[in-house]
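First comes the structure, then the notes that go with it.
The values are calculated or read from the model by the stated rules, or taken from the named source; none is laboratory data. What you see is a predicted model, and the numbers here were worked out from it, not measured in a lab. Positions of Cβ are generated from backbone atoms using ideal geometry, with glycine treated the same way; all protein chains shown enter the neighbour counts. Quick note on the areas: whole protein, heavy atoms, side chains included, nothing else; ligands and nucleic acids left out. Shrake-Rupley method; radii C 1.70, N 1.55, O 1.52, S 1.80 Å.
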Amino acid sequence: MCGIVGITSTKNVSSSILNSLRKLEYRGYDSAGIATLENGIIKEVKCEGRVDALETNLAKQNLDGNVGIGHVRWATHGVPSTVNAHPHSSDRVSVVHNGIIENSTLLKKLLIKKGYIFKSQTDTEVIVHLISDYLKKNDLKNAIIKMLKRLHGSFALGIIFQDQPDLLIGARRGSPLAVGYGPNENYLGSDSYALKSMTNKVTYLDDSEFCIIKNDNVEFFDEAGKKINKKILELSKDDKEYEKGDYKHFMAKEIDEQPMTIKNCVNEYIDKISNSINIYNFPWKKNDLKSILLIGCGTAYHSCLMAKYWFEQMTNLDVNVDVASEFRYRKNKFKKDCLYIFVSQSGETADTYAALDLCNKNKVKTCSIVNVVESSIARDSKFVLPIHCGPEVGVASTKAFLGQMLVLYILCLKLAKDRKEIDKKILSSKIKSLLDLSKNVKKTLLTEDQIQLVCKSFADAKGSMFLGRGFSYPIALEGALKLKELVYVHAEGYPAGEMKHGPLALIENGMPVVVLAPRDEYFKKTISNMQEVIARGAKVLLITNKSKDEVVHENIWQSIKVENTIDDLLPFLITVPLQKLAYHSALNKGYDIDKPRNLAKSVTVE
Ligand code: F6R
């Protein structure tokens, strides 16, 4: 959420900052800005809207200077506008900031009393004036230490100074931040993606650390000012994965990549020769665990919910699922024999990270399932299972969802096997089916043409419903979430059997309803629920799997048939047409598919 970039160099930095901001735009896109130090004067160019608008402004007003900071914003304090866009500057310092300063109202009052004038409605401006104030009586390092002590909340900062022509400060508490190393120049970025076009050598700041970056040297400190040594890591060079190729949108590319990402993940975790699961270094023994708690947000939460069904079916473990933002503030009873599993594509989601941190502080067993292996959640979990999907750039999560479900399913098989709770033959047949999953997803992508026929009805409706039972219920929630976030229409995912307890009242003539009824153990019950909504005028899009027996109901509006596989894996297949439904409905409306309004890819504020 929000993106930071900073560069100190022997060359002009504004165009490199602009390029990095383009990469960071997925983190926030309601305003943008750059500040550089030009002949001893801090200069800013800012705008409301996207990086394209910033580029237009930069063309009108040159911004020179060898040190600078840039920012893309996702508004928290204050509306999206040029005046609220970062950087925020005084004559002495300029600051970019991700996160929230929780005590900004109090600090602002104190600073106003001291005569400081505030121009914006942001919480960030208090940082500018605090540093300026401390610089009156302190050297730069001590001014930073004192300023950090006054701030409450979680944040990442990039700061430049009017009297420091080759110096940049980075500070982290909660929100991620990385330093990159180049020839005669060094960088600061809110993630390694921002830095990748410039370097593949990075250091991640840990919580409560800050750094002083110069052209030829970077020093790291804890918040008390004690110097610390940090490792330099080398990132893989996979820039191609960040390109759209022939696709119009990242989302379309990422949906179509799913057969390949499933293949990669299966190759990573399944030994095809011995037909066994490759998770060797799992740190806990079978008797160590009695229960599992799965925690995530949004789409990642839906994959957790899905996993509950599998774990309950195949193991004797007690399984619960929690939304991270709720878990972190409840009075939890932390259990030593529970495995706390954190699911996150980015590995940086603030609520999920805070839930993990809470578990670590209570010394319980933590495991994470992430896409970004260098992320904070991965680094701070006792055990990590990457989903091997490659970068996901579209704000709406697609391939990461299938990746998360896949790793959770494989983990479930492993625990069931280790605990001797699954029959060997059944395990072996489930693994065999996994080997066909990529092929089946690929064939299911061919349902796209049929989806295009129905998407206008969903895009134009004032609301729609997504119904499913059992394995299909979490997928119904996910399908509705995708439609909401991309098409800006109300869509509700519901357990099909719950409809008559209230929501059936919403059904009216012509309302589009997706019914997920693959031929699993819930099939007949779901079909009965489908008849109840059809009887009340709903236009039903039935998603089921191929079978010799037709689902006969003269009033089904449209049906789509996915490939056949074992019941456990049908959720992967029925997800695909729902992703395409959201994509084509948004395309139909002409909306910005990769950057839906009000959202951002990496939610690093709570
Ligand atoms: C929806 C979506 C979000 C994320 C959620 C968690 O398409 O992308 O709901 O799933 O913000 O993000 P991660 O997985 O990065 O923790």
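Taking a cut-off of 16 Å between Cα atoms, list the aspartates and glutamates near Lys432, but don't count ones fewer than 8 places away on the same chain.
Reachable aspartates and glutamates: Glu268, Asp271, Asp423, Glu563, Asp567, Asp568.
Roughly what would the spin-label model give for Ser547 and Gln452, points 7 Å off Cα along C-beta, in nm?
In this crude label model, Ser547 to Gln452 measures out at 3.0 nm.
Bin width 5 Å, origin at 0, all Cα-Cα pairs of segment 462-606: what percent of pairs per bin?
Result returned by the calculation: 2, 10, 20, 22, 19, 13, 8, 4, 1, 0, 0.
Between segment 503-521 and segment 213-279, what is the C-alpha centre distance in whole Å?
Comparing the Cα centres of segment 503-521 and segment 213-279, I get a distance of 39 Å.
Please give me the summed charge of the neighbours of Glu125: other residues whose Cβ is under 10 Å from its Cβ, Lys and Arg +1, Asp and Glu -1.
The answer is +1.
What list of ³J(HN,Hα) values in whole Hz, one per residue of segment 130-137 in order, does the Karplus curve 6.51 cos²θ - 1.76 cosθ + 1.60 (θ = phi - 60°) give from phi, with Gly and Pro shown as x?
Karplus-based 3J(HN,Hα) across segment 130-137 equals 4, 4, 4, 5, 5, 5, 5, 10 Hz.
Specify the inter-centroid distance of segment 92-120 and segment 565-606, based on alpha-carbon positions, in whole Å.
Computed from Cα coordinates, the inter-centre distance equals 38 Å.
What distance in nm separates the simple spin-label points at Lys226 and Asn278, each placed 7 Å from Cα in the Cβ direction?
So the label points at Lys226 and Asn278 sit 4.1 nm apart.
Calculate the FRET efficiency for Asn555 and His490 from the Cβ-Cβ distance with a Förster distance of 22 Å, rounded to the nearest 0.05.
Computed FRET efficiency for Asn555 and His490: 0.40.
From Cα coordinates alone, what are the radius of gyration and Dmax values for segment 3-234 in angstrom?
Values for segment 3-234 (Cα only, Rg and Dmax): 15.8, 48 Å.
Can you run phi through the Karplus equation (6.51, -1.76, 1.60; θ = phi - 60°) for segment 378-388 and list ³J(HN,Hα) in whole Hz, with x for Gly and Pro?
So the J values, rounded to whole Hz, are 5, 5, 9, 9, 5, 9, 10, 10, x, 9, 6.
Probe radius 1.4 Å, ligands and nucleic acids ignored: give me the carbon and sulfur share of the accessible area of segment 249-435 as a rounded percent.
Answer for segment 249-435: carbon and sulfur cover 50 percent of the accessible area.
For segment 38-54, what does the Karplus curve 6.51 cos²θ - 1.76 cosθ + 1.60, with θ = phi - 60°, yield as ³J(HN,Hα) per residue in whole Hz, taken in order and with x for Gly and Pro?
Working through the residues one at a time gives 10, 6, x, 10, 7, 10, 10, 10, 9, 7, 7, x, 8, 5, 4, 5, 5 Hz.
Mind grabbing the accessible area of Arg173 for me, 1.4 Å probe, Å², rounded to tens?
Accessible area of Arg173: about 40 Å².
From the protein chains alone at 1.4 Å, what is the descending order of accessible area for Lys43, Lys425, Lys595, largest first?
So, going from the largest accessible area down, we get Lys425, Lys43, Lys595.
What trypsin sites (Lys or Arg not before Pro) in segment 493-580 are in a loop by DSSP, with at most 14 other Cβ atoms within 10 Å of the Cβ?
Listed in order of number, the matching sites are Lys546, Lys548.
Cα-Cα over 20 Å: which of Lys462/Lys589; Lys272/Lys561; Lys308/Lys561; Lys201/Lys253?
Lys272/Lys561; Lys308/Lys561; Lys201/Lys253, as the Cα separations exceed 20 Å there.
Which of the trypsin sites (Lys or Arg not before Pro) found in segment 264-299 are in a DSSP loop and have at most 16 neighbouring Cβ atoms, other than their own, within 10 Å?
For trypsin sites (Lys or Arg not before Pro) across segment 264-299 that sit outside H, G, I, E and B with at most 16 neighbouring Cβ atoms in 10 Å, the list reads Lys272, Lys285, Lys290.
Per the 1.4 Å probe, what fraction of the accessible area of segment 63-205, in percent, lies on carbon and sulfur atoms?
That fraction is 53 percent.
Just the number, please: percent antiparallel of the DSSP beta bridges in the chain, rounded to the nearest 5.
Roughly 60 percent of the beta bridges in the chain run antiparallel, per DSSP.
In square angstrom, rounded to the nearest 10, how much accessible surface does Tyr301 have for a 1.4 Å probe?
My reading of the accessible area for Tyr301 is about 50 Å².
How large, in Å, is the chain by the Kirkwood hydrodynamic radius built from its alpha-carbon pairs?
25.5 Å
In what sequence, highest mean first, do 440-449, 275-284 appear when ranked by Cβ atoms within 10 angstrom?
Peptide ranking by packing, descending: 440-449, 275-284.
How many angstrom lie between the C-alpha centres of segment 309-381 and segment 20-44?
Here the answer is 35 Å between Cα centres.
How would you order 464-476, 148-160, 74-86 from highest to lowest mean count of nearby Cβ atoms within 10 Å?
464-476, 148-160, 74-86
When the accessible area of segment 506-606 is split by element with a 1.4 Å probe, what percent falls to carbon and sulfur?
43 percent
Percent relative contact order of segment 445-591, based on C-alpha pairs within less than 8 angstrom and at least six residues apart?
That works out to 30 percent.
Quickly work out the Asp91-to-Arg419 label distance, labels modelled 7 Å from Cα along the C-beta direction, and quote it in nm with one decimal.
6.8 nm
Please compute the per residue accessible area over the chain with all protein chains in place, 1.4 Å probe, rounded to a whole number of Å².
Heavy-atom SASA per residue in the chain reads 40 Å².
Would you mind calculating the gained length between Lys443 and Ser528 on full extension (0.36 nm times residue separation, minus the Cα-Cα distance), in nm to one decimal?
27.8 nm
Quick one: net charge of Met499's neighbours, Cβ under 13 Å, K/R +1, D/E -1?
+1
Dipole of segment 445-591 (Lys/Arg Cβ +1, Asp/Glu Cβ -1, origin at the Cα centre): which of Val489, Thr526, Phe466 lies farthest to the positive side?
Result: Val489, furthest along the dipole toward the positive end.
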